[in-house]
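To start, the structure under review is shown below, and the notes come after it.
The values are calculated or read from the model by the stated rules, or taken from the named source; none is laboratory data. All figures in this text were calculated on a predicted structure; none of them were measured in a lab. Note that we place each Cβ from the backbone using ideal geometry, even for glycine, and neighbour counts take in every protein chain shown.
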Amino acid sequence: MGIFSKLMNEFIDIIEWVDSGNETIVWKFPRYQNEIKMGAKLTVRESQMAVFMNEGKIADVYQPGMYTLTTENMPIMTTLKGWKYGFNSPYKADVYFVSTHQFTNQKWGTKNPVMLRDAEFGPVRLRAFGSYAFRVKDAATFIKEIAATNPDFTVDDINEQMRNIAVSRGMDAIAASKIGVLDLAANYDEVSCMITEKIQPEFAELGLVLTKFLIENISLPPEVEEIMDKRTSMGIIGNLGAYSQFQAANSMEKAAENPNGGLAGAGMGIGMGAGMMGQMGNIFQQNQFNPNQGQPQSAPAAAPPPLPPVKNYFVAVDGKQTGPYDFTYMSKLIGVGGLNRQALVWAAGMPAWAAADTLPELAALFNNMPPPLAPPL
C-alpha cells in the first residue's frame, strides 16, 4: 500500500455496525492498524452498545446514539511523523460493538440421566431438556471476561459453557425443590423460576442476564415409565373381579348376536353365560339361607388353596429406610441399575439387615444380569 492510499484510508470518519445476522454478540470495527481519526462520528443503534478502547484500556461504553470521538490518536499527524516507525503509529484505538438484543431459543439438556431421590419411588434417574434466552447486560464486563480481543464473537463460542451451567444448576434446583416425580409436570413454571434464580448470579459474572428459562420435558428412563404405565392401567381398571365379569358379559352378548355363528355362536353364548352365572351363583351361595338352622349358611364350594404370602423388601438408602417393595419391583430396580449387590435389605423373618446378594432370590436376579461390555478397541 502506497503512502497516498494509506493516508486516504485514514480519512474514514463514520464508525457503525449493521448486523446482518442474529448470532454475533461482539464485532470489532475494522480499521487500518486500529487507528481512529480525531473527531470521527460513532453511531450506535438500538440493541447495541459500543466499547471504545484507547491504548489497550476500556475508555468508555456508549449507549445508542451518535457521538464525536476525540482521542490522542490523530492518524494524519501520526503518519507524517511516523517515518522512523515504518508508518506504524504508536497510538492505537479499538471500537467493539456489542449486541444487546435477546438471543432466544438456546437449547439445554442432560447428556446422561441424573440420579435423584424421590419421596415415593426412592432413587430415580431423570432426563430433562428445554430452552433459554439471554442478552448482554454489561458490555465492558463481557468483553473483559469472555470475548477478550476476539474481533468476531458469536453465540456458538459461549453456548457450551452456558448450557453446562444451565444443566448443572438446573438439576440441583430440581433436587432441592423436593417436588415428587409425578408432580413435576404440573410445576414446570415454579421449577423454572427456581432454576432462573440459581443461574442468574453466574450469568451476571459474565456480564449477561438470563431473560427466560423454559423446561420442555422431564422424563424417567423407558423401563421405569413402562412400570408406571402398568400401575396406571391397574388404577384405571379398579376392581379386577367386576372388570372380568363385565368383559365376560360383553363377550357373551356379542357371541349370541353373531348371525353367522349359528349354533356355534349360540353355544358359545350359552357356555359363557353359564360360566358367568356360575361365578354369580358362588357369590349368592355364600349367603344361602338354611331353613333347618334359620341362619344364613355358606355353601361348600370348590376353591383353590390360598395364595402364598407376598414377600416385601425394605431397602436402606443413605442410612434411611425405603419401601416396602415387592419382588417384581425389586427385579425391575436391579434391572435398571438402581440396586447393587452390597445394598442392605430386610424382609419379614430376617434377624437383621443383610446385603442384597446374600438373599438367594435376589442373588439369582443379579446373576442373570449381563456383564459390562468390553471397551471398544
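Please go through region 154-164 and give me each residue that is assigned to a helix (DSSP H, G or I) and surrounded by fewer than 18 Cβ atoms within 10 Å (Cβ to Cβ), ordered by number.
Let us first name the residues in region 154-164 that are assigned to a helix (DSSP H, G or I), namely 156-164.
Within region 154-164, 156, 157, 159, 160, 161, 163, 164 qualify.
Only residues that are part of a helix (DSSP H, G or I) and either surrounded by fewer than 17 Cβ atoms within 10 Å (Cβ to Cβ) or at pLDDT 90 or above (or both): list them for region 207-226, please. Can you show your working first?
Taking region 207-226 as the starting set, the residues that turn out to be part of a helix (DSSP H, G or I) are 222-226.
Within region 207-226, 222, 223, 225, 226 qualify.
Listed here are the residues, each with its yes/no results for (1) in the same structural domain as residue 339 (by TED's automatic domain parsing); (2) closer than 29 Å to residue 335 by Cα; (3) polar (S, T, N, Q).
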site	(1), (2), (3)
177	no, yes, yes
182	no, yes, no
190	no, no, no
197	no, no, no
202	no, no, no
207	no, no, no
211	no, no, yes
227	no, yes, no
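Scanning region 341-353 for residues that are closer than 15 Å to residue 312 by Cβ and free of Cβ contacts under 8 Å to residues at least 24 places away in the same chain yields 349, 350. Just to be sure before I move on: is residue 133 within 19 Å of residue 99 (Cα to Cα) and surrounded by 15 or more Cβ atoms within 10 Å (Cβ to Cβ) in the structure I sent? Yes; evaluated as a whole, the condition is true for this residue.
For region 337-352, the candidate set comprises residues that are within 24 Å of the chain's Cα centre (by Cα) and either acidic (Asp, Glu) or surrounded by 18 or more Cβ atoms within 10 Å (Cβ to Cβ) (or both); within that set, the residue that is farthest from residue 120 (Cα to Cα) is 339. Identify the residue in region 130-153 that is in a strand (DSSP E or B) and at pLDDT 90 or above and, among all such residues, is nearest to residue 186 (Cα to Cα). The residue in question is 130. Can you confirm whether region 199-206 contains a residue that is of a type outside the set (Asp, Glu), in a helix (DSSP H, G or I), crowded, with 19+ Cβ neighbours inside 10 Å and modelled with pLDDT under 85? Within region 199-206, none of the residues are of a type outside the set (Asp, Glu), in a helix (DSSP H, G or I), crowded, with 19+ Cβ neighbours inside 10 Å and modelled with pLDDT under 85.
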